[in-house]
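Visitor: Mind looking over this structure? Questions follow.
The values are calculated or read from the model by the stated rules, or taken from the named source; none is laboratory data. Computed from a prediction, not measured in an experiment: that's the story for all the values here. Because the Cβ atoms are built from the backbone with ideal geometry, glycine has one as well, and the counts that use them run over all protein chains shown.
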Amino acid sequence: MTYRVLSFYYITHRDNLASIMTLGILSHQQVETRHVAYKPIYDEGIVSNRKQRMTPDQRSLWQYANLYLQPRNPMMYRVTREKDPQDIVVLAVKKHVMDGAGVWLTDGNAASYTSRFIKPTEAALKEIAQDLDREFWHDIDGSKRKIMAECLVPDKVAPADIEAVYVYRNGIAQTIRQQFPQLKVVEEPRFFFQPDVIITLSERIKLVDGDMFLSQAQTLTVSVNTVGVMGKGLASRAKYQFPDVYVRYQDLCKNKSLRVGKPALIKRETSLASQLSETPLERDEPTWFILFPTKKHWKENSQLSYIVDGLAWLQEHLVSWGVTSLALPALGCGLGNLSWQQVGPLLCQFAQRLSIPVLIYLPNEQRPDARFLDKAFLLGE
């Protein structure tokens, strides 16, 4: 499905809302020359790089208010990893600002010399939007650059052109509604790479309704078969987002070292964060993977006994492997045809026996009934 650009988006610190609703969204040059009190969310190195990049009008990017076509992008990922997502807001700007004089669209990060400057038309917008509906991106195919496509508005965007503000959670939304009753405020955790729901079972165990591949856990677990096919579900996602993991998986299957009851650890030297963030993070660590066989052949259903044996294997090896935090999907649920009622208690009671933080991700296909998310049911208390 092609992404539809309904608005343009500006990412900022929520402390800047007062000045923005008075003066508008200003270019960096305007902020400087007008001596506006402004709390930055990007480091100075990233912003200063834009000074050197010129538009076809021979104006520096520094002289434009830069709006994104897709707010869920590598810059937002970096900001929400380095700052509290509760301090970040996304302003939605009316699309008609692109009809103003001197406005440019870019088909990627405007600071990149690979990106093109394009006169704004609906046809151009539709063409650029073809690359914006993505769950993940890579440097190698240009998708990381493309998803940061921009609308560049000279000098400023007027306050009247701001139609809504998006926030991470409801508590923040209520505060902003009281401060700015004229603003439409929307809670949208997905924009901020946050899960929809987190249920705390204990200090170390949390249930998460969200995307496991956005987890900040050191080690992510993927359900697999033992014949080397990653065709659907999380395995398919891993295949395309982490091709190095897929290659290692193929090797393990070919030499018969990946077997049911004996999950395998892949210690990568690169991180999920480095792939998703626009620039490297100050604090980063490699993302590891555990390949957890829940079936032998991809055509078969997952077997509960394989999960029981595999969890016992993990319990014996996680400490010696050096795993410091773990993300677990609902192993065997969904495409494996096991139910959360069967698998959920196994995963939670396994996590309870560990001394590391564990995030357990609920089935993607259908959220379990509330009675099967109860702490007493899951932990057997």
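Visitor: Of all residues in segment 232-271 being touching an Asp or Glu at 6+ places or on another chain (Cβ under 9 Å) and surrounded by fewer than 14 Cβ atoms within 10 Å (Cβ to Cβ), which is farthest from residue 311 (Cα to Cα)?
Guide: 270
Visitor: Follow-up. Which residues, counting only those in segment 98-117, are surrounded by fewer than 20 Cβ atoms within 10 Å (Cβ to Cβ) and touching a Phe, Trp or Tyr at 6+ places or on another chain (Cβ under 7 Å)?
Guide: 117
Visitor: Still on this model: I'd like to verify a number: residues in segment 147-165 that are crowded, with 17+ Cβ neighbours inside 10 Å and either within 21 Å of residue 100 (Cβ to Cβ) or within 16 Å of the chain's Cα centre (by Cα) (or both), how many?
Guide: 12
Visitor: Any idea how many residues of segment 346-381 are under 26 Å from residue 266 (Cα atoms) and not charged (D, E, K, R)?
Guide: Matching residues across segment 346-381 total 18.
Visitor: Still on this structure, I have one more. Which one of these is under 19 Å from residue 120 (Cβ atoms) and among the polar types (S, T, N, Q): 66, 49?
Guide: 66
Visitor: Which pairs turn up if I take residues in segment 99-125 that are touching a residue at least 40 places away in the same chain (Cβ under 8 Å) and look for partners that are among the hydroxyl-bearing types (Ser, Thr, Tyr) and surrounded by 13 or more Cβ atoms within 10 Å (Cβ to Cβ) with beta carbon separation below 7 Å, at least 6 apart in sequence or on another chain?
Guide: As it stands, the answer is 104/55; 106/115; 107/115; 108/115; 109/115; 117/55; 117/106, since those pairs meet every condition given.
Visitor: Right, another one. Can you tell which of 366, 342 is free of Cβ contacts under 8 Å to residues at least 40 places away in the same chain and under 27 Å from the mean Cα position of the chain (by Cα)?
Guide: Working: 342 fails: under 27 Å from the mean Cα position of the chain (by Cα).
Answer to the check: 366.
Visitor: Of all residues in segment 63-105, how many are in contact with a Lys or Arg (Cβ under 7 Å, 6 or more places away or on another chain) and assigned to a helix (DSSP H, G or I)?
Guide: Residues meeting the conditions: 3.
Visitor: While we're on this one: Are any of the residues in segment 198-212 more than 18 Å from residue 275 (Cβ to Cβ) and hydroxyl-bearing (Ser, Thr, Tyr)?
Guide: Yes; the residues of segment 198-212 include at least one that is more than 18 Å from residue 275 (Cβ to Cβ) and hydroxyl-bearing (Ser, Thr, Tyr).
Visitor: Among (1) surrounded by fewer than 18 Cβ atoms within 10 Å (Cβ to Cβ); (2) within 29 Å of residue 135 (Cβ to Cβ); (3) in the same structural domain as residue 134 (by TED's automatic domain parsing), where does residue 2 come up short?
Guide: The one condition residue 2 does not meet is (3).
Visitor: A further question on this structure: Test of understanding: among 56, 85, 40, which residue is in contact (Cβ under 8 Å) with a residue 40 or more places away in the chain, in contact with a helix residue (DSSP H, G or I) (Cβ under 9 Å, 6 or more places away or on another chain) and at negative phi? Lay out the reasoning, then the answer.
Guide: On the way: 56 fails: in contact with a helix residue (DSSP H, G or I) (Cβ under 9 Å, 6 or more places away or on another chain); 40 fails: in contact (Cβ under 8 Å) with a residue 40 or more places away in the chain.
Selected residue: 85, the only one of 56, 85, 40 that is in contact (Cβ under 8 Å) with a residue 40 or more places away in the chain, in contact with a helix residue (DSSP H, G or I) (Cβ under 9 Å, 6 or more places away or on another chain) and at negative phi.
Visitor: So which residues in segment 272-324 are hydroxyl-bearing (Ser, Thr, Tyr) and surrounded by fewer than 16 Cβ atoms within 10 Å (Cβ to Cβ), if there are any at all? First the steps, then the outcome.
Guide: Step one: of segment 272-324, the residues hydroxyl-bearing (Ser, Thr, Tyr) are 274, 277, 279, 287, 294, 302, 305-306, 320, 324.
Of everything in segment 272-324, those that are hydroxyl-bearing (Ser, Thr, Tyr) and surrounded by fewer than 16 Cβ atoms within 10 Å (Cβ to Cβ) turn out to be 274, 279, 305, 320, 324.
Visitor: Still on this structure, please answer the following. If residue 180 meets every condition in (1) within 18 Å of the chain's Cα centre (by Cα); (2) farther than 30 Å from residue 248 by Cβ apart from one, which number is that one?
Guide: If we test residue 180 against (1) within 18 Å of the chain's Cα centre (by Cα); (2) farther than 30 Å from residue 248 by Cβ, just (1) comes out false.
Visitor: Provide a single number: the residues in segment 208-249 that are part of a helix (DSSP H, G or I), of a type in the set (Lys, Arg) and more than 15 Å from the chain's Cα centre (by Cα). So that I can check it myself, show each step before the final result.
Guide: Quick first cut of segment 208-249, residues part of a helix (DSSP H, G or I) only: 212-214, 233-241, 243-249.
Remaining after also requiring of a type in the set (Lys, Arg): 237, 239, 248.
Now narrow it down to the ones that are more than 15 Å from the chain's Cα centre (by Cα): 239, 248.
Within segment 208-249, residues that are part of a helix (DSSP H, G or I), of a type in the set (Lys, Arg) and more than 15 Å from the chain's Cα centre (by Cα) number 2.
Visitor: Residue 351: on the phi < 0 side of the Ramachandran plot and within 26 Å of the chain's Cα centre (by Cα), yes or no?
Guide: yes
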